[in-house]
Amino acid sequence: MNTEGIALKILEILSPVLLAALTWAAAKLAQLIRAKVRSEYLRQVLVRVDEAVFTAVKDLQQSVVEEIKAASADGKITDEEKKRIKERALTSVRSHLGAKGISEVGAILGLEAGALDGFLSSKVEAAVHDLRRATMANGAPPREPAVPLAPAPAA
């Protein structure tokens with residue numbers, strides 16, 4: 001047997017192994033692409049939630065809270081007024097996201113309706129806190145939500 005014949009025999013024997021390796025590599029690549037797409041979609045949904053919450057809180061701060069503080073004798077907001085303002089903020093967030101957005105956020109995070117309301121309520125509280133801190137720090141409210149728009153680099 002000559003060298004050509006030996007090379008063909010080796011190729012004939014190794015071709016199933018090479019084909020299996022190529023199939024495995026293609027499957028792994030597909031998994032990586034799916035994971036990247038899902039991660040990016042999740043990030044975009046969370047950014048949209050943060051933007052909706054921040055917009056609702058800023059809107060209510062400018063339109064409602066300032067009026068109530070000015071109308072109040074001591075410049076403070078009562079607990080009942082705080083609850084009412086928070087409910088308006090949650091209603092505004094739900095309106096910004098829409099029914100489909102709310103259901104997708106719940107599905108992506110694996111939250112049922114009650115838990116999703118708690119999640120949104122926490123986001124509103126955090127946005128109010130951030131707005132207060134920013135206002136006290138420099139006298140003007142921030143213009144962007146405190147959300148990273150790009151994933152943190154791997155260490």
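With respect to (1) in contact (Cβ under 8 Å) with a residue 60 or more places away in the chain; (2) over 30 Å from A107 (Cβ atoms), the lone exception for V45 is condition (2). Test A56 against the stated conditions and say whether it is small (G, A, S), within 17 Å of the chain's Cα centre (by Cα) and under 16 Å from S121 (Cα atoms). When the stated conditions are applied, A56 passes them.
When the residues of segment 68-99 are filtered to those that are over 19 Å from F54 (Cα atoms) and touching a helix residue (DSSP H, G or I) at 6+ places or on another chain (Cβ under 6 Å), the one that is surrounded by the fewest Cβ atoms within 10 Å (Cβ to Cβ) is G75. Can you say whether V124 is at pLDDT below 75 and not hydroxyl-bearing (S, T, Y), as far as the supplied structure shows? Criteria not met by V124.
The values are calculated or read from the model by the stated rules, or taken from the named source; none is laboratory data. Note that the coordinates shown come from a computational prediction; the quantities given were computed from them, not determined experimentally. Backbone-built Cβ (ideal geometry, glycine too); neighbour counts: all protein chains shown.
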